[in-house]
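Heads up, the thing below is written out as C-alpha cells.
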Amino acid sequence: MDLRRLGWTGSLAADLPAGTVPARVARVDRGAAEVITADGPRRVRFGARVRRAAAADPVALPCVGDWAALAPLPAEDVAGDGFELAEVLPRRTAIVRGGVARPSRGGLSGDSTGQVLAANVDVVFVAEPARHGPDPANLGRIERLLALAWESGGTPVVLITKADLAGDALPGLLEEVARTAPGVDVHAVAARAGEGVAAVRGHIGGSRTAVVLGPSGAGKSTLVNALAGEEVMPTRQVRARDGRGRHTTVHRELIPLPGGGLIIDTPGIRRVGLYETGEGVDRVFAEVDELAAGCRFSDCAHESEPGCAVLAAIESGELPPRRLESWRKLRREAEWMASRTDARLRGEQARRWKVITKAMRGRNRP
Ligand SMILES: Nc1nc2c(ncn2[C@@H]2O[C@H](COP(=O)(O)OP(=O)(O)OP(=O)(O)O)[C@@H](O)[C@H]2O)c(=O)[nH]1
Ligand SMILES: [Zn+2]
C-alpha cells in the first residue's frame with residue numbers, strides 16, 4: 001500500500017518521530033485501533049502516553065482519520081502485533097462535537113466536553129434525507145452540521161439523500177436547501193438507484209478524505225457502498241415501519257475507495273452540540289450577517305430595534321423567520337460554549353495538536 005494514496009504527505013513525514021512507523025487510523029475500539037500501514041492493516045493498542053493524554057482530555061483520543069506513529073513493543077511484549085500506537089500526529093482538520101446544551105434557568109446548561117468525530121478530513125458531506133420516515137428534510141439539522149463542518153477546517157457539501165422519495169417536490173426542496181447553505185455545494189443523491197453518486201465521487205478525487213455525517217437512516221452506508229462499488233458497510237435490509245434508522249452502522253470507519261480517495265462512514269448522530277466557537281455559525285448564516293451590515297445600530301440584536309435590516313428582510317419575505325430563529329439558537333449555544341473557557345482551549349488543542357505533541361516529545365526524549 002502506497003501511503004500517499006491514504007493521504008500521507010511530506011509535512012506529516014517531518015513530524016514522524018524517529019524509529020516509528022506511520023499508520024492511518026481506520027477504526028477505533030476501546031483502547032485499540034485498526035490501522036492501515038504500508039504493509040497492510042494491523043490492530044494496535046494505545047501506548048501509555050496516548051492513554052494518559054486521552055484521560056486528561058477526550059479530544060486527545062486517537063480517532064478515525066488520524067495519522068499515528070506506531071512504535072515497536074519490547075521483545076518480551078509481543079502478544080499483540082509487535083507495535084503500539086505511540087503518538088497521534090498533528091491533525092490538519094478535526095470535526096469536534098460538543099455535548100448537548102439544554103435550556104435551563106438563566107440560560108443554557110449541559111455537557112461541554114468535546115469528542116472528535118473524524119480527523120484529517122478534506123470534505124464533510126452533510127447527508128439529510130429528502131424524507132425521514134414521516135418527516136420532511138430537516139433544515140435545522142443541516143444548519144447545525146454545517147456549523148460543525150465549517151469549524152472543522154474541511155469543506156462542507158450538502159447531500160439530499162433518498163432524493164427519489166421527494167418526487168415532484170425535489171426541485172423546490174433543493175432550492176430551499178441551497179438558500180439554507182450559502183456558499184456550499186448541494187447535490188441530490190438516490191444512492192440505491194446509483195443517481196448522483198458520480199457528483200459525490202467528484203469531490204473525493206486524488207487522495208482526499210471525506211466523511212459522511214447525518215441522522216440514522218439517511219442512507220449514508222448505502223452511499224458509501226455505491227462509492228466503493230461493493231458492500232463494505234452493512235445497511236439495513238428490512239425497512240423499519242417508520243422508515244427511520246436503527247443505527248445499523250455502529251463504528252466510524254475509514255474506507256479507501258477504488259480509484260483513489262477515502263471516505264469515512266459514521267453512525268447516525270442523534271443530538272450534536274457545537275464545540276468550537278470560531279466562525280462556523282456566521283458562515284452558515286452568511287446572508288444574515290450581510291443583512292446585519294445594513295442595520296442602523298452596529299450592535300443590533302435584530303429583536304425590535306428601529307432600522308433593523310434583518311427584521312425588514314423578514315417583513316419583506318426575503319429572509320424566512322425560521323432562519324433567524326435557527327441563527328439565534330446556534331449563536332446562543334456557541335456563546336454558551338465560548339463562556340466555558342476551558343472548552344475553547346481544548347477546541348484549539350484539536351487543531352494545534354502540533355505544538356503539544358512537539359512539547360511532549362521534547363520532554364520525553366533523552
Ligand atoms: N428510497 C431510498 N431508500 C434508500 C436510499 N438509500 C438508502 N435507502 C434505504 O434507507 C435505509 C437506511 O439506509 P442506510 O444506508 O443503512 O442508512 P445509514 O444512514 O447508513 O443509517 P445508520 O447506519 O443507522 O446511520 C435502508 O433501508 C436503505 O435501503 C435511496 O436512495 N432511496
Ligand atoms: Zn438588526
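The values are calculated or read from the model by the stated rules, or taken from the named source; none is laboratory data. Since we're looking at a predicted model, the values are computed, not measured. Here the Cβ is made from the backbone with ideal geometry for all residues, glycine too, and neighbour counts use every protein chain on show.
Side notes on the structure shown:
- If the condition is being more than 7 Å from ligand 1 (Cβ to nearest atom) and at pLDDT below 75, then segment 238-259 contributes Val238, Ala240, Arg241, Asp242, Gly243, Arg244.
- Subset of segment 74-98 [touching a strand residue (DSSP E or B) at 6+ places or on another chain (Cβ under 9 Å), modelled with pLDDT under 75 and of a type in the set (Gly, Ala, Ser)]: Gly80
- Matching residues, segment 248-279, being among the acidic types (Asp, Glu) and either touching a Cys at 6+ places or on another chain (Cβ under 6 Å) or outside any loop (DSSP other than H, G, I, E, B) (or both): Glu253, Asp265
- A single member of Arg296, Arg271, Arg252, Arg208 is touching a residue at least 60 places away in the same chain (Cβ under 8 Å), charged (D, E, K, R) and not assigned by TED's automatic domain parsing to the domain that holds Leu159, and it is Arg271.
- Restricting Val44, Val28, Val21, Val35 to residues that are closer than 26 Å to Asp111 by Cα and either assigned by TED's automatic domain parsing to the domain that holds Pro258 or among the hydrophobic types (A, V, I, L, M, F, W, C) (or both) narrows the list to Val28.
- Output for segment 186-200, where each listed residue is under 16 Å from Thr155 (Cβ atoms) and not in a helix (DSSP H, G or I): Val186, His187
- Only one of Gly278, Gly268, Gly260 that is within 18 Å of Ile142 (Cβ to Cβ) and more than 16 Å from ligand 2 (Cβ to nearest atom): Gly268
- Any hit, segment 170-185, residues being part of a strand (DSSP E or B) and in contact with a Pro (Cβ under 9 Å, 6 or more places away or on another chain): yes
- Among the candidates Gly153, Gly206, Gly167, the residue that is surrounded by fewer than 21 Cβ atoms within 10 Å (Cβ to Cβ), small (Gly, Ala, Ser), more than 9 Å from ligand 1 (Cβ to nearest atom) and under 14 Å from the mean Cα position of the chain (by Cα) is uniquely Gly153.
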